[in-house]
1. Between A:SER297 and A:LYS117, what FRET efficiency comes out of the Förster formula 1/(1 + (r/R0)^6) with R0 = 56 Å and r the beta carbon distance, rounded to 0.05?
2. Which FRET efficiency value, to the nearest 0.05, do you get for A:SER55 and A:ASP97 by plugging their Cβ-Cβ distance into 1/(1 + (r/R0)^6) with R0 = 25 Å?
3. Can you tell me which of A:250-258, B:100-108, A:9-17, A:23-31 comes out highest on packing, and rank the rest after it, using the mean Cβ neighbours within 10 Å?
4. For chain A, what is Rg from Cα atoms divided by 2.2 N^0.38 Å, rounded to two decimals?
5. Where Rh is the Kirkwood radius over the Cα pairs of region A:140-186, the temperature 25 °C and the viscosity 0.890 mPa s, what D in µm²/s does Stokes-Einstein return?
6. Please give the calculated 222 nm ellipticity per residue for chain A, where each DSSP H segment of at least 4 residues contributes -39500 (n - 2.57) and the sum is spread over every residue; nearest 500 deg cm²/dmol?
7. How big is region A:55-220 on each of its three principal axes, counting only the C-alpha atoms and giving the largest first in Å?
8. Going Cα to Cα from A:LYS267, which lysines come in below 16 Å? Please leave out same-chain ones fewer than 8 positions away.
Amino acid sequence: MRSSWWYARRYISRRRRLVVAFLFIVVAVSVFVAFNFAFYYEVSYRNARTRELYSRLVKVFFEEYVEESNLTAVGELDGVEKYYPMIANTYMAHHGDKSGYVPVEFCDRELVVELLKQLDFSLNPEGFIYAGYLVALKLDLREGEKLSFGPFSGVVGCVLPYTGSLLDTVLFVDLSVYIDYAGSEANVSYNGLYIFLISRDYEDSVVNALYERYRVRYISSPSRVAEWVEKSNRLQLLSSMFFSSLALLMGLGIIILMIYREYEGRKRELSILFALGTKTNTVVSALLIPLYIALFSGLLVGSILTFFFVIPYYHLFVYGYYRLFGINTYVATFFSVGLTLLVMLLAIVLVINRKVKGLRPMEFLRAEL
Amino acid sequence: MSAINDNLVRLNNVTKIYGFRRVLDSISMNVHRGEFLIVVGPSGSGKTTLLGIIAGLETPDEGEIYFEGRRVSDMNVDELAEYRNKHIGLIFQNYNLIPHLTALENVMLPMIIAGLRESKAKRKALMLLKQFGVGDKAMSYPNELSGGEQQRVAVARALANDPSLILADEPTANLDRENEEVIMEFLSRIVSEGRTVILVTHKEYLCDYASRVYRLVDGRLVEV
């Protein structure tokens, strides 16, 4: 083993470009796979939290605006604990030099408190405008700063905590802001509802009743959200797996090709080593040590890049804003990429071992060749 | 010492066949300790194959090779490697130095393989390089050396582990007359120090250096 190290050290110092090329490929593959996994874990975490949010919640969007007096019947439905009417719209929001389309929901402040409670947050938001965490990040918003959206403007009373759910993407506005704009409460009608069920068992009956009584555009209910989440996770996983596998296969292909060319180019040198009395395992090790070093340091560099750059900054690439996300992604990515690279390494070791053992040194030591 | 004990290498009816061609045909010979044995023969007559078989780098199709009374074909792969490392020094026509190692490192290599400490290997390698007149080229890479210098480094490498047998395959074929003489003198000196040299060549005039000469014709060995 000592002689393998001695030999490999000299080889590496004189063939830096090749080792660096190996390293670069491994780093590129690690980072690409990390990016895919980071995105997948982000989506699946968000979906799990959204599912939690909707554990006994039904959100309804109507085809047209409905007056409040026509919504009181909802409260009388069997299984409804409470309901909150709301006006949902998408506006272009502006804050300083930042702007973007944001889903805005005008509603009672109590609804925001209740929604946060569903996700184990106990918070009593101040003011009239409550920005979801991701909305605040997207627009670089802080509490007390002015925000304008559509015909409205006001001061952000509260930036809601990061819940990991779809709640983070909504800008909640106290209904009083809309009433002021409309002139009077009498002029206000609603295009949506949040309904809290006593338990999930009442989901079907409430949903059916809503379809019977109102012109419903869309309903998000516990089972529908669960179904949607499952589908979304599956699609995201498939996409991540596909692109990761593609990257790994490409990386593997390039590395194998390089190793093959390297082996072909070093047959004579390996034959000399055999002629000088080097044992087969030592020859294989001398050949593999530079590769091990490149692969493991590539994995290490890839992991560091993943931890400090890919996971924190991939939001910047995907969504346009920065956010630090989870150790889960890092661990999962590290192990997925690490295991795959180890399997790859094992395959390479087996192939090289077979090749070296099958080498006929005299073919390369003869002067004629 | 008896004649049998003096036998360093013994070949017994060794045959090697490539395809339909018998490259070596029932070759038997004894090589004594301290001998300078030269095998002459034209290109393609099987000289290199003969050395490859003695070195355990090729296996004969028939027959046996004994080294110091031990049958080489009974050795496993690792024993063969150790046999080459400790007992055999190989010199080739095209030098076969490792291109990414310096002259010094090339000479150190067999000693490192044998498990010698780097510092000791370095000291001995430097001494050998000086002995063969290339001490000042220790840090040069093979491509920075002339053919004669490369072959001197190769001879130094062959002697690194003090082997009892040197196998030289056309060691002067690529050299000019002056360097050829130098290398042959070195080999004669090695023999005078008690080592055994088997040299194969197509150059008849080199036979003057030999203590015994064999001629290899059509795979058959004839003592001259």
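1. On the way: r = 49 Å, r/R0 = 0.87.
E(calc), rounded to 0.05, equals 0.70.
2. Details: r = 39 Å, r/R0 = 1.58.
Calculated transfer efficiency: 0.05.
3. Details: A:250-258: 15.9, B:100-108: 24.1, A:9-17: 14.0, A:23-31: 21.4.
In descending order of packing, they fall as B:100-108, A:23-31, A:250-258, A:9-17.
4. Working: Rg = 30.3 Å, N = 369, 2.2 N^0.38 = 20.8 Å.
The reported ratio for this selection is 1.46.
5. Values: Rh = 12.2 Å.
Approximately 201 µm²/s, per Stokes-Einstein.
6. Working: 13 runs with 215 residues, N = 369.
The helix-only estimate for chain A comes to -19500 deg cm²/dmol at 222 nm.
7. For region A:55-220, the Cα extents along the three principal axes come out at 47, 36, 23 Å.
8. A:LYS279, A:LYS355, A:LYS357
Coordinate-derived values only; no laboratory data. Model, not experiment: these values are computed from the prediction. For neighbour counting, all protein chains shown are included, and Cβ atoms are generated from backbone atoms with ideal geometry for every residue, glycine included.
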